[in-house]
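Let me begin by presenting the structure, written as structure tokens, before commenting on it.
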Amino acid sequence: MGKIKVGIINVTGYAGVELARLLFRHPEVQLRSVTGRSAAGQKLAAVFPHLADFDLTITADLDEPVDVVFSAMPHKASAEAIIPLVNKGVKVIDISADFRLKDSAAYLAWYEFAHPSPGMLKEAVYGLPELHRSAIADARLVANPGCYPTSAILALAPVVKEGLIEPGIIIDSKSGVSGAGRALSLTTHYAEASDNVAAYSLKGHRHLPEITQELGALNTVLQPSVTFLPHLIPMSRGILSSCYAKIKLGKLTNGLKDLRQVYTDFYRNEPFVRITDASPGTKQTWGSNFCLIYPYIDTRTGTIIIISCIDNLVKGAAGQAIQNMNIMFGLGEAAGLEALPVYP
Ligand SMILES: NC(=O)c1ccc[n+]([C@@H]2O[C@H](COP(=O)([O-])OP(=O)(O)OC[C@H]3O[C@@H](n4cnc5c(N)ncnc54)[C@H](OP(=O)(O)O)[C@@H]3O)[C@@H](O)[C@H]2O)c1
């Protein structure tokens with residue numbers, strides 16, 4: 001079999017350009033076509049000098065036949081671009097939120113648009129390999145998870161699935177500013193974001209329905225009740241989620257030993273989830289597809305504390321999308337994703 005031909009819709013955003021960087025080293029694929037309105041007609045290497053070794057021109061629309069397309073568009077625009085491609089038989093991995101939620105009414109409530117294809121929404125597979133690997137392998141449309149949900153769901157899945165906690169869950173997440181994208185906005189200006197930390201979306205962040213959908217499906221008896229509060233931190237990449245829940249009476253009787261065993265068992269064969277021996281920091285994931293998880297118990301209050309870290313642009317976006325592509329095409333799951341984190 002020849003190399004898999006790949007296209008990226010919107011290489012001019014942070015998620016799209018990170019895809020190009022990671023795909024450069026992928027042994028089984030060839031990046032054939034990249035789009036971006038603001039840079040159409042320009043060389044990819046000229047717009048992004050760190051990609052100097054690519055000889056590709058950014059176009060307004062995909063200009064080559066491809067086997068798989070990554071869409072890194074904003075929500076709504078992404079669905080409009082993707083639906084015709086899926087109908088033509090091209091495999092698609094959508095990095096936007098447009099196919100993540102199963103309930104089409106949730107798009108009106110959370111994203112303020114009527115979903116154009118509730119049928120395709122049902123068919124799309126939520127692309128968190130640690131939970132949906134076999135469905136991803138057979139999918140023609142994969143909805144790549146959001147960055148916050150990736151860190152939160154991976155942190156909580158083992159204890160939710162095993163019913164070890166009470167329903168009340170608190171997820172306190174911190175994200176670097178690249179999570180807000182490359183478009184200019186006042187909140188991410190240097191003078192606004194540096195030397196500053198702020199909570200936002202107290203009335204409910206768009207990633208909340210995704211988190212509750214996936215945690216709820218893991219344990220329909222538990223019915224998790226999730227409080228999710230994101231914060232903006234003055235760093236370019238990374239998400240750290242601190243998750244809290246009360247231990248259910250009679251569970252985890254051997255304390256931390258039991259809890260760590262649950263996590264090591266749950267993620268035993270996962271190439272990109274690591275259970276750490278000490279509380280991790282986001283820098284330990286920079287540029288890599290790893291999710292680091294540290295399970296802990298506050299014995300004074302009977303509360304579990306699960307800390308998780310990812311690079312929002314890699315495991316939280318482009319890296320996970322490539323992991324999904326590898327699964328969809330039967331490639332080694334870690335192909336193109338072997339790089340270790342950058343340090344310091
Ligand atoms: N940043 C993250 O950490 C992250 C993580 C997970 C998922 N995501 C999702 O991935 C998608 C891209 O995010 P991003 O952070 O890469 O965003 P971004 O850096 O702001 O880029 C958005 C891209 O979309 C283009 N664009 C903007 N409005 C458009 C429209 N109406 N129609 C067509 N193109 C438009 C922009 O480029 P041109 O003006 O050149 O066309 C740009 O390339 C979003 O859906 C986001 O929610 C992001």
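The values are calculated or read from the model by the stated rules, or taken from the named source; none is laboratory data. None of the values given here were measured: they were computed from a predicted structure. Please note: Cβ atoms are built from the backbone with ideal geometry, for glycine as well, and neighbour counts cover all protein chains shown.
General remarks:
- Of all residues in the range 201-224, those that are under 14 Å from Leu131 (Cα atoms) have Cβ atoms under 7 Å from Cβ atoms of residues that are crowded, with 20+ Cβ neighbours inside 10 Å and among the hydroxyl-bearing types (Ser, Thr, Tyr), 6 or more apart or on another chain, in Glu214/Tyr126.
- If the condition is being in a loop (DSSP other than H, G, I, E, B) and more than 20 Å from the chain's Cα centre (by Cα), then the range 77-128 contributes Lys88, Gly89, Val90, Ser104, Glu112, Phe113, Ala114, His115, Pro116, Ser117.
- A search for C-beta distances below 6 Å between a residue of the range 279-306 that is free of Cβ contacts under 8 Å to residues at least 40 places away in the same chain and any residue that is surrounded by 19 or more Cβ atoms within 10 Å (Cβ to Cβ) and assigned to a loop (DSSP other than H, G, I, E, B), counting only pairs 6+ apart in sequence or on different chains, returns Leu292/Pro280; Tyr294/Pro280.
To keep it simple, each residue is scored yes or no on (1) within 14 Å of the ligand (Cβ to nearest atom); (2) surrounded by fewer than 17 Cβ atoms within 10 Å (Cβ to Cβ); (3) within 14 Å of Thr35 (Cα to Cα).
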site: Met73; (1), (2), (3): yes, no, yes
site: Lys76; (1), (2), (3): yes, no, no
site: Ile83; (1), (2), (3): no, no, no
site: Val86; (1), (2), (3): no, no, no
site: Glu123; (1), (2), (3): no, yes, no
site: Tyr126; (1), (2), (3): yes, no, no
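- Filter pass, Leu184 being within 15 Å of the ligand (Cβ to nearest atom), farther than 28 Å from Ala339 by Cβ, surrounded by 12 or more Cβ atoms within 10 Å (Cβ to Cβ) and not hydroxyl-bearing (Ser, Thr, Tyr): no
- Only one of the numbered conditions (1) more than 22 Å from the chain's Cα centre (by Cα); (2) modelled with pLDDT of 95 or more; (3) not β-branched (Val, Ile, Thr) is violated by Gly179, and that is (1).
- Residue list for the range 149-174, filter: out of contact with any Pro (no Cβ under 6 Å at 6 or more places or on another chain) and within 16 Å of the ligand (Cβ to nearest atom): Pro149, Thr150, Ser151, Ala152, Ile153, Leu154, Lys174
- Residue satisfying all of: in the range 22-71; within 16 Å of the ligand (Cβ to nearest atom) and charged (D, E, K, R); nearest to Ala339 (Cα to Cα) among these: Lys43
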